[in-house]
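Asks: Just dropping this structure here.
The values are calculated or read from the model by the stated rules, or taken from the named source; none is laboratory data. Here the structure is a predicted model, which is why all the values come from computation and not from measurement. Cβ placement follows ideal geometry from the backbone for every residue including glycine, while neighbour counts extend to all protein chains displayed. Note: accessible area is taken over every heavy atom of the protein model, side chains too, but ligands, DNA and RNA are not part of it. Shrake-Rupley method; radii C 1.70, N 1.55, O 1.52, S 1.80 Å.
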Amino acid sequence: MTQVIERGTPLPTPQRAGGRRRSPAAAACVLGGAMAAGLGLGFLAVLVIVLWISSPYPDSGPGGALHLAAGLWLLAHGTDLVRYETLSGVPAPVGMTPLLLVALPVLLMRRAARLGSACGDGSDGDEVLPASAVFSAVTCGYLAVGSLATVYAAGGPMPADPLSAAWHVPLVAVLAAAGGVWVAKGRPLGPLPEWVPKGVRRAVARPRYALALRSGAAGALVLLGGGVLLVGASLAWHGAEVQGTFLALTGVWSGRFAVLLLALALIPNAMVWGAAYALGPGFALGAGATVTPLGFEGSAALPLPRFPLLSALPPQGPGSPVTWAVGVIPVAAGLAVGWFAVRRAREVSYGETALTAGLGSTVCGLLTAGLAGAASGPLGSRELARFGPVWWQAGGAAAAWTLAVAVPLAVAVHAWRNRPAAGTGDEWHAPGTRELRWETLRRAAGAPLVPDRVPVAAPAPVPPVPPVRPQPQPNPVPVPEPDPEPEPDPVPTPIPDPVPATPVAPPVLPVSGARVLSRRRPPL
């Protein structure tokens, strides 16, 4: 049996088992995630190949450069690398991630999720993909390329630790993809899902948590800004040492360019280190040295790497008033948390304001701890096993500093904003002024707005009257009706003389506040 298809009839499209047309949106999302990972790998591969070509002493061929690019891409996700070529022969881990490199995979993954959310919008009969499907497809495509990069980097000079790559790469991909989908869907801030307990949903819906997040983020930004100022001031103060170290590392322009790129990539790490230094715990420079405002404690013969950023460290020994002055930075962070934790509403109590400021301090401590953990890591074994701030010390110090400053400031600001107006002649919120304003308005109008109540005497009691029984009456006698009288002629109504119009007084202007306007007399 043959099927006859008329001319002009469109051919049937392939359908799924459920009857819906197969949409390429899901495949496009997977491809977008894979392309995001490929673009990140390609950028680092081009950069490493250019540096390898321009280097006068290449250690390996182009294959080794590509393996190193794959390792750097994994390092940008926070994965620990392992360096086998050491003087002692012991493998040395490299776990410090340049935070500027993290921006590369995050931005690419976020953009891939946004573009994936734009696919499958219902045009041309395609199905609309939900946010969960876009998130899953983009993440799967990214992780597929990430697993291949991990296997490929294993044959290079600095392979990645498989266990570290197994959770660092998915973590960055999941967070970046979730942020991209959330932005593409219009940044919804709706209620929590139904599977969340009802008490938790009610608690989170309160405005104090949004204020706590905002105030905590403001405090963390102030700490990072203070860290930038400290790093810049220290580099300017030790300018000669920094320049000498930079020139002594290598004599060719390609090597100096590579050192400059590495220093720029580590600038965000230096910001976090400066914030930890201002908070008090400081940061570690190996297993036996710690830099704090109270002093640089450690061995004088510490084998520090020769690097421009490390040349800006304070001198070894006890602290000075100059180093103690960095305590202004956490105080400023606490002031920021306390200022942004106050709601502009009179019904908010002082306890609610103090609780919001406390939650904001906790958020600031958590953000600082996360940044400190991401900005630190090992640069080798033994002495260089600890490098950077300790995350729990930095986070605890940030929460303590901001809590001590933010709570009193928030309560004081709340009391100042809700104070009654005084000293201006317009005491609207003082007790007893309501009756005065009402009397002033009545006198300005010239007549009482509401008539005064006149006391009325109570009526005298009336003695009860006994009921009267009706008496029977005789039948009425019919009386003849008289004849109607003739109606008189109508008399014309006289027309009154016109009366001159009386001038009307202008309306009384309203009174603003407690200020009384003088009453104007009508013109004669």
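Asks: Only bridges whose two residues both fall in the range 248-395 count here: according to DSSP, what percent of them are antiparallel, nearest 5? All intermediate terms of the calculation are to be shown ahead of the outcome.
Replies: Values: 9 of 9 bridges.
Expressed as a percentage, antiparallel bridges in the range 248-395 total about 100.
Asks: Return one whole number: the accessible area per residue of the range 132-195 in Å², for a 1.4 Å probe. All intermediate terms of the calculation are to be shown ahead of the outcome.
Replies: Values: 3510 Å² over 64 residues.
Ligands and nucleic acids excluded, the result is 55 Å² per residue.
Asks: When the accessible area of the range 99-181 is computed with all protein chains present and a 1.4 Å probe, what percentage of it is carbon and sulfur? Provide the component values of the computation, followed by the final result.
Replies: Details: 2860 of 3950 Å².
For the range 99-181, the apolar C and S fraction of the accessible surface comes to 72 percent.
Asks: Mind checking the range 306-377 for trypsin sites (Lys or Arg not before Pro) that DSSP puts in a loop (not H, G, I, E or B) and that have at most 11 other Cβ atoms within 10 Å? Show your work: numbers first, answer last.
Replies: Values: sites: 306, 343, 344, 346; in loops: 306, 343, 344, 346.
In loop regions of the range 306-377 (DSSP not H, G, I, E or B), the sparsely surrounded trypsin sites (Lys or Arg not before Pro) are 306, 344, 346.
Asks: Next up: Write out the trypsin sites (Lys or Arg not before Pro) in the range 121-210 meeting two conditions: DSSP loop, and at most 14 other Cβ atoms within 10 Å of their Cβ. Please report the intermediate quantities before stating the final value.
Replies: Details: sites: 185, 198, 201, 202, 208; in loops: 185.
For trypsin sites (Lys or Arg not before Pro) across the range 121-210 that sit outside H, G, I, E and B with at most 14 neighbouring Cβ atoms in 10 Å, the list reads 185.
Asks: Rg/Rh for the range 221-374 to two decimals, with Rh computed the Kirkwood way over all alpha-carbon pairs. Mind showing how you got there, number by number?
Replies: Numbers: Rg = 19.0 Å, Rh = 17.5 Å.
Rg/Rh: 1.08.
Asks: If you count, for each residue, the other Cβ atoms within 10 Å and average over each peptide, how do 364-373, 379-388 line up from highest to lowest?
Replies: Values: 364-373: 22.9, 379-388: 18.7.
The most tightly packed comes first, giving 364-373, 379-388.
Asks: Per residue, how much accessible surface does the range 336-394 expose to a 1.4 Å probe? Answer in Å², no decimals. Walk me through the numbers on the way to the answer.
Replies: Values: 2870 Å² over 59 residues.
Roughly 49 Å² per residue, with all protein chains present.
Asks: How many percent of the accessible area of the range 240-295 is carbon or sulfur, using a 1.4 Å probe?
Replies: Numbers: 1700 of 2300 Å².
Taking all protein chains in place, the range 240-295 shows 74 percent carbon and sulfur surface.
Asks: Inverting the mean 1/r over all pairs of different Cα atoms, compute the Kirkwood radius of the range 31-96 and quote it in Å. If you can, show how the numbers build up before the last one.
Replies: On the way: mean 1/r = 0.0757 Å⁻¹.
Result for the range 31-96 stands at 13.2 Å.
Asks: So how many Å³ per residue does the convex hull of the Cα atoms of the range 68-226 work out to?
Replies: Details: hull volume 27.5 nm³, N = 159.
Convex hull of Cα atoms, per residue: 173 Å³.
Asks: Taking only C-alpha pairs under 8 Å that are 6+ residues apart, what is the relative contact order of the range 255-361 in percent?
Replies: Working: 85 pairs, mean separation 19.6, N = 107.
Value for the range 255-361: 18 percent.
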